[in-house]
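Asker: Below you will find the structure I want to go over with you.
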Amino acid sequence: MSLYNRAAEILEKLERKEGSVKNLVYSSRDQNIKQLYALVCETLKYSSVLESIITSTNLLKEEKKLKMNLAKVLVYDLLFGKGLKCGGVWKVIIMRHKSRLKSSLAMMKVKQKVSRNEDLLCSEPQAFEDLTLPRYVRVNTLRTNMDDVMDSFRRDGYTYLGKASSLEDLRHLSGKQFICDLHVPELLVFPPKTDLHSHFLYTAGHIILQDKASCLPAYLLSPPVGSHVIDACAAPGNKTSHLAAILKNKGKLYAFDLDMKRVVTMSTLLLRAGVTCHELANQDFLKTDPNNPKYRNVKHILLDPSCSGSGIVSRLNQLTDDKASSSSERLQALSGFQRKALSHALCFPTVERVVYSTCSVHTEENEDVVRDALKEHGDQFRLVNLLPEWPHRGLETFPTGSYCLRASCKTTLTNGFFVALFERKSVESKNYKRSCSEETNIKLTSPRKCTIKLKKRLKRNTVNPVKQSCNDGIDTKSPSAKSCILKLKKKKRRKQNPIVHVKKE
Ligand code: SAM
């Protein structure tokens, strides 16, 4: 059987969900596994382009014995691959239609105003969503600041469009434009496919290429500068370096991971990012002793445990490994670990806030885990109603399910993600900044509302929490609540006359 027939057979098995690409290719025991694997993957990548070409040229109608999957593999190799090498009778048949197939491809490119074959992929947002997600760039404030990074991009010919006011602003980025994200601070957004992997800001650790959804856990946990934090399942460390930036490298960041190789990689990444406040351990988080005096000041825990990864947007993954990543035994095993880890985090006697996140779309790993944790620890912890303006909420499989956040490429222009934030009931009123941001959705975007709230608190003689929130919010030491209000007013004036870097435009 020719390579093309074998590849077509695998595509058929995939459609019948008989396994993942890898499994099917390897179990075929083909002599040329690598070539077969590459051909199947590439055909899948171009699948809908190939289907349009085959349909528009009436290929299957004219060649009755030819089936769609075999036609796709052959047309792929003819138009996008190395040209038909083998294929016997099928090669002869396809070559008869060569010029029509080629002109159909050329017409498609003209119609879609693209010159390269690869560009046809991104004109198909439904099929290739991975290529249409914006490129998110977190500015690493341990190494640099927003102004310097934005200036640097401007010097590279990029145009700064200001702060986004809606997701639509992110959706419409094109060419060499960039914008500030509307939800996560210090996050810049570039058009899809912007490749910054070799940019010096990236190689020097000044920027971190991190999906927006994955910035949510550290941002929402928001530990005050100088506090003690645990990152329970930390490698490769993107969220750890984000936490360190929020902590301004002050305080202590205990980071654990079970996988030695990942710990080694993480160590390099943290070094590049300029993180110094961490203590990294190749250790099972479940075996950490919550009563160890070392952790007596830990009030914040970030738990981002191993998950199915089903939210990571990739057309190829969806077509190939979905079955493997979401088999019920695997989900059961993962959610078993996730439950244990969340329950363990909530057992730390001094912990006040625990953020739980996954890059999974499965309820079993998300709402179900949170619901069970609330059943067990609900007398002491409640869920925080996160970012009310966030469009995609957790499923209401339990009463406060919608307090959690979900994310997806369609609703939030990110990878699929889930976040829940637990807060100890006794500390609910202590931290003003958080109640501002998460319960009333005003954060520091509306200093006027914050000021009113602060004044109310002053009347209630809750000066310390006010100072605390002020310090958290604007990162300056505030001698009194009155000066805190002044600072917020100043911040408001600055907001009305937006940030220095906008003026420079
Ligand atoms: N938070 C990381 C980041 O943002 O870069 C990603 C974490 S990844 C989703 C999950 C990690 O949990 C893996 O690196 C895995 O090795 C680690 N892990 C799994 N079981 C663990 C355990 N019992 N204790 C500590 N780490 C564990």
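The values are calculated or read from the model by the stated rules, or taken from the named source; none is laboratory data. These figures come from a predicted structure and were not determined experimentally. Heads up, the Cβs are rebuilt from the backbone with ideal geometry, glycines too, and the neighbour counts pull from every protein chain shown. Surface accessibility is based on the protein's heavy atoms, side chains included, excluding ligands, DNA and RNA. Shrake-Rupley method; radii C 1.70, N 1.55, O 1.52, S 1.80 Å.
Asker: For the range 3-12, just list the computed ³J(HN,Hα) in residue order, Karplus coefficients 6.51, -1.76 and 1.60, θ = phi - 60°, integers in Hz, with x standing in for Gly and Pro.
Answerer: Ordered by residue, 3J(HN,Hα) equals 3, 5, 5, 5, 5, 5, 4, 5, 4, 5 Hz.
Asker: Another one. State the Kirkwood hydrodynamic radius of the range 2-123 in Å, one decimal place, computed from all pairs of distinct Cα atoms.
Answerer: In the range 2-123 this quantity evaluates to 14.8 Å.
Asker: Something else: Using a 1.4 Å probe, how large is the accessible area of SER104, given in Å² and rounded to the nearest 10?
Answerer: Answer for SER104: close to 20 Å² accessible.
Asker: Further, regarding this structure: So, in Å, what gap is there between the alpha-carbon centers of the range 54-115 and the range 190-228?
Answerer: The range 54-115 and the range 190-228 have Cα centres separated by 43 Å.
Asker: For HIS392, which sequence-distant residues (separation of 5 or more, or a different chain) have an amide H within less than 5 Å of its own amide H, given hydrogens modelled in the peptide plane?
Answerer: Placed amide hydrogens put ARG406 under 5 Å from HIS392.
Asker: Still on this structure: State to the nearest 20 debye the size of the charge dipole of the range 217-430 about its Cα centre, where the only charges are +1 on K and R beta carbons and -1 on D and E beta carbons.
Answerer: Taking the Cα centre of the range 217-430 as origin, the dipole is about 600 debye.
Asker: Taking H as built 1.01 Å from N, whose amide H comes closer than 5 Å to the amide H of LYS163, not counting residues under 5 places away?
Answerer: CYS180
Asker: Something else now. Given the protein chains as shown and a 1.4 Å probe, how many square angstrom of THR55 are accessible, to the nearest 10?
Answerer: We get 90 Å² for THR55.
Asker: Tell me, what is the percent relative contact order of the range 129-209, built from C-alpha pairs under 8 Å that lie six or more residues apart? Write out the running numbers ahead of the final one.
Answerer: Numbers: 126 pairs, mean separation 33.8, N = 81.
Value for the range 129-209: 42 percent.
Asker: To continue, here is another question. Show me, for the range 39-44, the HN-Hα J-couplings you get by feeding each phi into the Karplus relation (A = 6.51, B = -1.76, C = 1.60, θ = phi - 60°), rounded to Hz, glycine and proline as x.
Answerer: Using θ = phi - 60°, the values come out as 5, 5, 4, 5, 5, 4 Hz.
Asker: Next question, about the same structure. Using θ = phi - 60° and the Karplus form 6.51 cos²θ - 1.76 cosθ + 1.60, what ³J(HN,Hα) does each residue of the range 221-234 get, whole Hz, x for Gly and Pro?
Answerer: The phi angles translate into 5, 6, x, x, 4, x, 7, 9, 9, 10, 10, 6, 10, 9 Hz.
Asker: Now for a separate question. Of VAL139, LEU182, VAL89, which is farthest along the charge dipole of the range 88-222 in the positive direction, counting Lys and Arg as +1 and Asp and Glu as -1 at C-beta?
Answerer: Looking along the dipole axis, the top candidate is VAL89.
Asker: Give, rounded to the nearest 20 debye, the magnitude of the charge dipole that the range 255-314 has about its Cα centre when Lys and Arg contribute +1 at Cβ and Asp and Glu contribute -1 at Cβ.
Answerer: Numbers: 7 positive and 6 negative charges, 31 e Å.
Magnitude of the dipole: close to 140 debye.
Asker: Quick one: which residues, 5+ away or cross-chain, put their amide H under 5 Å from the amide H of HIS278? H built at 1.01 Å from N.
Answerer: Correct list: LEU253.
Asker: Could you state the per residue volume, in Å³, of the convex hull enclosing the Cα atoms of the range 129-209? Show your work: numbers first, answer last.
Answerer: Details: hull volume 6.9 nm³, N = 81.
So the per-residue hull volume is 86 Å³.
Asker: In the range 101-210, what is the count of Lys pairs whose alpha carbons are under 20 Å apart, counting only pairs at least 8 residues apart or on separate chains? Before the final figure, lay out the partial values.
Answerer: On the way: LYS102/LYS111; LYS102/LYS113; LYS109/LYS193; LYS113/LYS176; LYS113/LYS193; LYS163/LYS176; LYS176/LYS193.
Taking the range 101-210 as the scope, the lysine pair count is 7.
Asker: Which semi-axis lengths, in whole Å and largest first, follow from the square roots of five times the eigenvalues of the Cα gyration tensor of the range 151-273? Walk me through the intermediate numbers first.
Answerer: On the way: eigenvalues 157, 57, 33 Å².
After diagonalising the Cα gyration tensor, the semi-axes are 28, 17, 13 Å.
Asker: At a 10 angstrom cut-off on C-beta neighbours, averaged per residue, how do the peptides 339-351, 3-15 rank from highest to lowest? Could you put the intermediate results ahead of the total?
Answerer: Numbers: 339-351: 18.4, 3-15: 20.1.
Answer by packing, highest mean first, reads 3-15, 339-351.
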